[in-house]
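Heads up: the structure comes next, in structure tokens.
Read the figures in this text as sums done on the coordinates, not as results from a lab. All values derive from a computational prediction rather than experimental measurement. Cβ: placed from backbone, ideal geometry, glycine included. Neighbour counts: every protein chain shown.
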Amino acid sequence: MAMNWPAVRAIYVFEMSRFLRTATQSILAPVISTSLYFVVFGAAIGSRMTMVDGVPYGLFIVPGLMMLSLLTQSITNASFGIYFPRFAGTIYEILSAPVSPVEVVLGFVGAAASKSILIGLIILATAALFVPLRIDHPVWMLAFLFLTAVTFSLFGFVIGLWADGFEKLQLVPLLIITPLTFLGGSFYAIEMLPPFWYTVSLLNPVVYLISGFRWAFFGQADVAIGVSLAMTLLFLTLCLAAVTYIFRTGYRLKS
């Protein structure tokens with residue numbers, strides 16, 4: 001069956017229009033927060049820890065800042081995007097329309113990933129105001145940016161279907177993803193940790209995402225780039241499997 005691209009475009013455009021209506025807030029928030037991170041971490045801590053693995057500390061934290069925002073924004077945008085149609089009841093209009101599950105996911109997840117990638121690039125541009133950027137592998141940087149945004153937008157889509165209240169929408173990003181990101185080497189190399197905590201850190205899945213992303217910038221990573229890419233693709237596969245299960249069973253969609 002041919003893809004219903006007009007339907008995908010309609011969902012995508014509607015979701016993006018919500019972002020554009022609050023463009024000032026959506027753009028200013030990451031710019032201000034990134035600036036504050038550079039003031040606190042780059043200036044205060046960076047003055048005492050000037051280099052990490054041969055990279056100036058202010059520059060070293062750029063991939064971590066981008067990944068922190070990318071993960072939380074992807075999940076938040078996608079979860080709220082699908083939750084509100086469920087909350088308002090308009091999800092049934094979508095389900096009864098001649099639109100396949102693939103097209104629904106493409107529309108919602110595509111919009112959420114687009115927003116997250118845009119914000120990630122805004123953070124990168126803001127970082128350029130504070131430090132001279134260095135990206136050794138720009139193609140891989142964009143690839144990791146895209147894969148991470150899509151993967152966690154799918155994850156957010158699942159959360160938006162699972163949540164039965166606004167509190168649960170914030171539960172995973174605030175209580176799970178953000179702490180894992182801070183403990184995943186966003187602002188330090190995990191090899192700086194004692195051996196025991198280094199081993200514990202390897203159990204944190206976000207470590208592999210940040211490590212691969214940082215390798216794209218500096219050619220250095222806490223774990224092998226192949227492992228980071230494999231873990232990213234594994235997360236993507238698991239999220240796709242969860243979305244497929246939801247549409248096959250109608251979980252939280254038909255009740």
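The table below lists the values:
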{"item": "For segment 158-173, Karplus couplings with θ = phi - 60° (6.51, -1.76, 1.60), whole Hz, Gly/Pro x", "result": "5, 4, x, 7, 6, 5, 10, x, 5, 5, 5, 4, 8, 4, 5, x"}
{"item": "Within segment 5-249: Cβ-based charge dipole about Cα centre, in debye rounded to nearest 20 (Lys, Arg +1; Asp, Glu -1)", "result": "300 debye"}
{"item": "Principal-axis tilt of helix 205-218 within the chain, Cα atoms, nearest 10 degrees", "result": "60 degrees"}
{"item": "Helix-only CD estimate at 222 nm, as mean residue ellipticity for the chain, using -39500 (n - 2.57) per DSSP H run (n ≥ 4)", "result": "-23000 deg cm²/dmol"}
{"item": "Using alpha-carbon coordinates, inclination of helix 101-127 to the longest axis of the chain, degrees", "result": "30 degrees"}
{"item": "Additional length obtainable on full extension of the chain from Tyr92 to Leu202, 0.36 nm per residue less Cα span", "result": "35.4 nm"}
{"item": "Between helix 225-249 and the chain: long-axis angle, C-alpha atoms, 0 to 90°, nearest 10", "result": "20 degrees"}
{"item": "FRET efficiency for Ala29 and Ala241, using Cβ-Cβ distance with R0 set to 22 Å, rounded to 0.05", "result": "0.10"}
